[in-house]
Amino acid sequence: MENKTKWGVIGSGGIARRRTIPEGIIPAENAKLGSVYDIDAEANDSVAKEFDANASQSLEDLLKSDIDAVYVASPANMHLEQVIACAKAKKHVLCEKPLGMTIAEAEKMIAVCKEEGVILGTGFMMRFLSQHQAALKLIQDGKLGKPVYGRAQLSCWYPPMEGAWRQSPETGGGGSLMDMGSHCIDLLEMFFGELKSVSCFINNNVHSYESEDSAVVSLMFKNGAMATVDTYFCIPDNSSKNILELYGSKGSILAKGTIGQGAAGEMTAYLEEDAGEYNAEQARNAAEGLSINPTPVNTYLAEIEEFSSAVLENREPKNNLEISLQSQKVLAACYESAKTGKVVEV
């Protein structure tokens with residue numbers, strides 16, 4: 001038997017075509033592309049031809065094909081129906097975030113997948129970046145000391161476009177916070193642990209579509225650390241450097257360009273075994289720090305290979321359903337805070 005997970009794709013015309021199929025499924029040693037489906041039949045036929053896959057004419061057609069797992073990359077408002085359909089067809093599911101439009105939807109998808117005995121994961125591929133994993137190990141090994149503060153930034157220029165589902169809460173669930181802030185918050189939870197509470201502001205500062213184009217979140221973690229997330233749809237691409245900052249009682253880890261869709265950025269650790277006594281002059285030296293440059297990893301490839309291995313080994317994937325549900329709970333708390341102007345417990 002071929003030791004590969006055979007994949008189907010729902011929503012083949014967007015991020016699947018740009019990234020996940022060519023960078024993830026096609027080159028993966030333990031994966032193979034079988035069938036693709038998109039409501040845009042012309043785009044779907046083009047994807048099928050480009051990547052030598054079967055062009056399914058409907059969701060039902062795709063689920064009847066010879067596949068083991070489905071990558072769901074459709075608009076967020078379709079995730080509930082499509083994930084449940086996949087589960088009932090006994091297909092494992094890797095669903096792009098958000099898992100659903102609400103906590104209730106996420107919980108329903110999780111319950112059905114458990115009932116049907118299929119594996120469910122969510123597309124938080126930035127966890128797999130080798131520099132993020134190296135930073136995580138430094139933190140876990142105590143090199144950063146007690147976590148104190150973090151910052152994660154992810155922004156882009158996303159002007160009004162006809163049919164852009166992320167620009168409407170009815171189809172995307174939210175704007176810059178839901179789409180990009182979710183990645184930032186997930187990374188900070190990976191580094192610092194579970195959140196206790198959030199305070200959030202959202203706004204339409206430049207663009208006039210319904211979803212927010214601006215969001216800032218203040219995070220309080222259960223271990224006492226704090227963090228901020230800033231994420232915008234209204235800052236030009238080259239002007240936002242996607243900064244990651246992690247501070248602790250023994251130093252810091254500072255990065256530029258690691259958050260995003262690329263395989264690597266710049267990351268430096270400034271670590272001290274002993275912070276010493278109080279220095280009234282607060283002098284800084286010109287130490288260059290430790291450059292963190294592990295072998296780059298394509299995050300889409302790592303995500304597909306990990307989920308494919310989970311299917312073949314019949315185990316939970318690293319991007320498991322607990323992470324999926326936690327993200328929904330945190331995002332719901334953020335939007336509630338933005339609406340009420342209050343700090344909200346997660």
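When residue 162 is evaluated against the numbered criteria (1) crowded, with 17+ Cβ neighbours inside 10 Å; (2) over 17 Å from the mean Cα position of the chain (by Cα), which criterion, by number, is the only one it fails?
Single failed check for residue 162: (1).
If you go through the range 239-264, how many residues are within 29 Å of residue 335 (Cβ to Cβ) and more than 17 Å from the chain's Cα centre (by Cα)?
Within the range 239-264, residues that are within 29 Å of residue 335 (Cβ to Cβ) and more than 17 Å from the chain's Cα centre (by Cα) number 8.
Is it the case that some residue within the range 49-67 is surrounded by fewer than 24 Cβ atoms within 10 Å (Cβ to Cβ), on the phi > 0 side of the Ramachandran plot, at pLDDT 95 or above and not hydrophobic (A, V, I, L, M, F, W, C)?
The answer is yes, given that some residue of the range 49-67 is surrounded by fewer than 24 Cβ atoms within 10 Å (Cβ to Cβ), on the phi > 0 side of the Ramachandran plot, at pLDDT 95 or above and not hydrophobic (A, V, I, L, M, F, W, C).
Within the range 190-202, track down each residue that is closer than 12 Å to residue 220 by Cβ and in a helix (DSSP H, G or I).
The answer is 192, and nothing else.
Restricting to the range 290-322, name every residue that is assigned to a helix (DSSP H, G or I) and modelled with pLDDT under 95. Steps first, answer last, please.
The first filter runs over the range 290-322 and keeps only residues assigned to a helix (DSSP H, G or I), leaving 299-313, 321-322.
Once the filter is applied, which keeps residues that are assigned to a helix (DSSP H, G or I) and modelled with pLDDT under 95, the range 290-322 yields 321, 322.
Restricting attention to the range 174-201, which residues are within 24 Å of residue 158 (Cα to Cα), surrounded by fewer than 24 Cβ atoms within 10 Å (Cβ to Cβ) and over 16 Å from the mean Cα position of the chain (by Cα)?
201
Among the candidates 163, 121, 150, which residue alone is farther than 26 Å from residue 298 by Cβ and among the small types (Gly, Ala, Ser)?
After applying the criteria, what remains is 163.
Looking at 240, 211, 197, can you tell me which residue is in contact with a Lys or Arg (Cβ under 8 Å, 6 or more places away or on another chain), in contact (Cβ under 8 Å) with a residue 40 or more places away in the chain and polar (S, T, N, Q)? Steps first, please.
Numbers: 240 fails: in contact with a Lys or Arg (Cβ under 8 Å, 6 or more places away or on another chain); 197 fails: in contact with a Lys or Arg (Cβ under 8 Å, 6 or more places away or on another chain).
Going through 240, 211, 197 in turn, the sole match is 211.
Only one of (1) of a type in the set (Lys, Arg); (2) in contact with a strand residue (DSSP E or B) (Cβ under 7 Å, 6 or more places away or on another chain); (3) surrounded by 16 or more Cβ atoms within 10 Å (Cβ to Cβ) is not met by residue 256, so which one is it?
(3)
Restricting attention to the range 11-33, which residues are surrounded by fewer than 21 Cβ atoms within 10 Å (Cβ to Cβ), of a type outside the set (A, V, I, L, M, F, W, C) and in contact with a strand residue (DSSP E or B) (Cβ under 8 Å, 6 or more places away or on another chain)?
30, 32
Pull out all pairs, ordered by first then second residue, where Cβ-Cβ is under 8 Å, the residues are six or more apart or on different chains, the first lies in the range 298-323 and is surrounded by fewer than 17 Cβ atoms within 10 Å (Cβ to Cβ), and the second is modelled with pLDDT under 95.
These pairs meet every condition: 312/3.
Limited to the range 68-111, what total is found for residues that are surrounded by 23 or more Cβ atoms within 10 Å (Cβ to Cβ) and farther than 30 Å from residue 3 by Cβ?
4
The values are calculated or read from the model by the stated rules, or taken from the named source; none is laboratory data. No experiment lies behind these values; they were computed from the predicted model shown. Neighbour counts are summed over all protein chains in view; Cβ atoms, including those assigned to glycine, are modelled from backbone coordinates with ideal geometry.
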